[in-house]
Amino acid sequence: MASLPHASADDAAKGSAAHGEIVAKRWCSACHLVASNQALANSDAPTFASIARKKQASKLKGFLTDPHPKMPNMSLSRGEIADIIAYIKAIDK
Ligand code: HEC
C-alpha cells in the first residue's frame with residue numbers, strides 16, 4: 001500500500017488506542033490486567049497482553065459486540081470497541 005498524505009478510512013476504522021486505554025482502565029481493569037503497571041486483577045481473566053497475542057482484531061470485535069457469559073454486558077459503543085481493539089493491538093509489540 002502506498003502511503004497517503006491524509007488519514008485513510010482505514011485509519012478511522014482502527015480506533016484510537018489512547019482512548020481505548022482510558023476505556024479499558026475504567027471498564028475492564030476490575031478483572032483484566034490491562035496495563036503492565038497495573039497491580040491488581042482477577043486471576044480468572046486473561047491479561048490484555050495475552051489476549052493481544054492470541055486474538056485477531058476481527059475476533060475481538062465479535063467477542064466484544066456479543067459479550068462472553070462470564071463478563072458483564074457492558075454495552076460498549078462501536079467506537080469504544082474499535083478503541084479498545086486499537087489499544088489491545090498496541091500492547092502487542
Ligand atoms: C467482571 C469481570 C470482567 C470484566 C469487568 C471484564 N472482563 Fe473480560 N473476561 C473476564 C473473564 C473471567 C474472562 C475469561 C472468560 C473465560 O475464560 O471463559 C474474560 C475474557 C475476555 C476476553 C476473551 C479472552 C479469550 O482469550 O477468549 C476478552 C477479549 C475480554 N475479556 C475483554 C474485555 C474487555 C475489553 C473488557 C472491558 C470493556 C472486559 N473484558 C471486562 C472477566 C471480565
Net charge of neighbours whose Cβ lies under 9 Å from the Cβ of ALA35, counting Lys and Arg as +1 and Asp and Glu as -1: 0
Packing-based order for 56-62, 27-33, using average beta carbon neighbours within 10 Å, highest first: 27-33, 56-62
Spatially close lysines, pair count over segment 16-91: Cα under 15 Å, gap of eight or more or interchain: 4
Footprinting exposure proxy for ASP66, ASP83, ASP92 (fewest neighbouring C-beta atoms within 10 Å first): ASP66, ASP92, ASP83
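Here, each number is a calculation from the coordinates, and none is a lab measurement. These figures come from a predicted structure and were not determined experimentally. Heads up, the Cβs are rebuilt from the backbone with ideal geometry, glycines too, and the neighbour counts pull from every protein chain shown.
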